[in-house]
Amino acid sequence: MVTTPLTCLNYIDGEWLAAKSQAILESRNPADWREVIATFPSSGAEDVDAAVMAASKAYHNWRLTPAPARAEFIYRIGEILLQRKEELAYLMSQEMGKPLAEARGDVQEGIDCAIYSAGEGRRMFGQTTPSEMPNKFAMTVRSPVGVCALITPWNFPVAIPCWKMMPALVCGNTVILKPAKDTPACATLLVEIFQQAGLPNGLVNLVHGHGDEVGQALIEHPGINLVSFTGSSQTGAEVGATCGRTFKRVCLELGGKNAQIVMDDADLELALEGAIWGAFGTTGQRCTATSRLILHRDIKEKFTAMLLDKTRKLRLGKGTESDTEVGPLVNKSQLERVSYYLEVAHNEGAKVLIGGKVCTDEQLKHGFFFEPTILNHVTPDMRVAREEIFGPVVTLIEVSSFEEAIKVLNDTPYGLSSSVYTSDVNRAFQAMRDIEAGITYINGPTIGAEVHLPFGGVKQTGNGHREAGSAAIDVFTEWKTVYVDFSGRLQRAQIDNR
Ligand SMILES: NC(=O)C1=CN([C@@H]2O[C@H](COP(=O)(O)OP(=O)(O)OC[C@H]3O[C@@H](n4cnc5c(N)ncnc54)[C@H](OP(=O)(O)O)[C@@H]3O)[C@@H](O)[C@H]2O)C=CC1
Ligand SMILES: O=C(O)CCC(=O)C(=O)O
């Protein structure tokens, strides 16, 4: 186990460094905010400059390193992550609050991503295609993009940085990671693991600090070629606009207002498991969390009773305690945000069936705990049915038909994850076709993405890119089209006279 408080530093060009300004920030345990988990640099534009310079220098050799050799390095990281899984999971649980079982799952995603990305190093396929000309070869090859800024949130402090760093590196790019200021210790330990795997200097640089300082300096920096961002749609829109102005490639993975439909022919026990973990897993702080339950009127009463019963039994507590099922929210501002949405719900006429307030138990009063909450009598036009709450709050919406259920599901500015519980195969295929979302589960919850498939969504959830799977290779490479003419003569006339 790691002994806290930790002293975290930036990692630039192979050296652990304080911020040039020497300023520091603190990360605290969300289950008991009196406990300091780590101190870390509050960096600025000068630190970003140094990191960009290091990454640009390292890029020249790394892009020429054969992709299978780059892949071996990624694979070694996966092996070390596996050896240090428990240590990293425990630290994550302390720093971010998620229960240990979920923290292990988060690290496992990093391991899976290492194995998958390493495999891509031996594929990295291009195309060959016939040329219009005789004695001419035509093909496409993938080239790295260059120096990548990776800006990550706190909800998956290991998985999301791995989703970005591993494919970026295997494609021959170098990176600068700006982790969320709520989870600097997890990011630091992760980079230490990369270092333990034999990280060449400058390949991965870590710069801690505030988003509007470090993040902003990165997205504006002329030495950055690509920005990959996961976080709120609000910040994502700003990041996208800045990158647009400065001609940077930008990949945005933003919010969700994910729904689970439960039809009258569904297996209700199965749908219940899905709803509980989709809504309250990670305290509702997943971009794929279920925040709307769209229930057919014929099963609504029965299903709601089952849901209430199960929600009542959920054990809130510190993530590090083995029997905890729901941990705290990550920080005070998330607690305030969820409390604010409860006021909104009240003003809009929704009814709280259970929960609805900050937890005041003696054991939990020093943490950011909010009771798992179910809101009834919600209609699709209400703000609580349309805006991302990012907490343990699920809204119940009643519908009378399958068609209405799909219409309600699609009636949101977001389009990340979705789920339908039904035993009718025709409805299942209709849902796959008609749902406007990047991910659809049939008879499974809205959460639980696997690293070898594309991850991302439509509408305000992103800007058309996908993370994970081979789609990530498309983000982190440029296409180069190559023509090889072996005719030995100028074929100009043929080109012009087609
Ligand atoms: N899609 C998802 O997985 C996530 C969605 N969210 C949504 O966002 C809401 C607010 O959470 P929050 O953590 O503030 O999310 P943000 O989108 O603000 O933060 C995400 C990342 O972006 C950084 N950042 C902030 N401002 C800028 C900027 N101007 N330029 C570049 N980078 C920046 C943050 O740094 P810093 O650490 O300083 O904030 C963090 O590293 C949540 O309630 C939830 O709705 C949040 C996290 C994940
Ligand atoms: O559970 C999932 O589907 C992954 C969720 C995720 O990566 C996220 O919330 O950012």
Inset, instruction - Mind listing just one residue for me: the one in the range 229-246 that is crowded, with 16+ Cβ neighbours inside 10 Å and hydrophobic (A, V, I, L, M, F, W, C) and, of those, farthest from ligand 2 (Cβ to nearest atom)? - result: CYS243
Inset, instruction - Show the residue pairs that are 6+ apart or on different chains and have beta-carbon atoms under 7 Å apart, the first residue being within the range 260-286 and more than 20 Å from VAL399 (Cα to Cα) and in contact (Cβ under 8 Å) with a residue 40 or more places away in the chain, the second being in a helix (DSSP H, G or I) and within 16 Å of ligand 2 (Cβ to nearest atom). - result: GLY281/GLU102; THR282/GLU102
Inset, instruction - Name the residue, out of ILE435, ILE473, that is touching a residue at least 12 places away in the same chain (Cβ under 8 Å), over 17 Å from THR288 (Cβ atoms) and either in contact with a His (Cβ under 6 Å, 6 or more places away or on another chain) or more than 14 Å from ligand 2 (Cβ to nearest atom) (or both). - result: ILE473
Inset, instruction - Please report, ordered by residue number, the helices (runs of 4 or more DSSP H) entirely within the range 415-498 with at least 2 residues that are modelled with pLDDT of 95 or more and in contact with a Ser or Thr (Cβ under 9 Å, 6 or more places away or on another chain). - result: 425-434, 471-475
Legend entry - Residue check, GLU362 touching a Lys or Arg at 6+ places or on another chain (Cβ under 7 Å), outside any helix (DSSP H, G or I) and either closer than 24 Å to PRO30 by Cα or modelled with pLDDT under 95 (or both): no
Inset, instruction - Being farther than 30 Å from PHE280 by Cβ and assigned to a strand (DSSP E or B) is the filter; apply it to the range 143-174 and report the residue that is farthest from ligand 1 (Cβ to nearest atom). - result: SER143
Inset, instruction - List the number of the failed condition for VAL425; all other conditions in (1) among the hydrophobic types (A, V, I, L, M, F, W, C); (2) within 16 Å of ligand 1 (Cβ to nearest atom); (3) not assigned by TED's automatic domain parsing to the domain that holds GLN127 hold. - result: (2)
Inset, instruction - Name the one entry in SER417, SER423 that is over 20 Å from the mean Cα position of the chain (by Cα) and hydroxyl-bearing (Ser, Thr, Tyr). - result: SER423
Inset, instruction - Please state which one of THR373, THR379, THR311, THR320 is more than 16 Å from ligand 2 (Cβ to nearest atom), more than 23 Å from ALA101 (Cα to Cα) and not aliphatic (A, V, I, L, M). - result: THR379
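The values are calculated or read from the model by the stated rules, or taken from the named source; none is laboratory data. Nothing here was measured: the structure is a model prediction, and the numbers come from that model. Cβ atoms come from the backbone with ideal geometry, glycine included; neighbour counts cover every protein chain shown.
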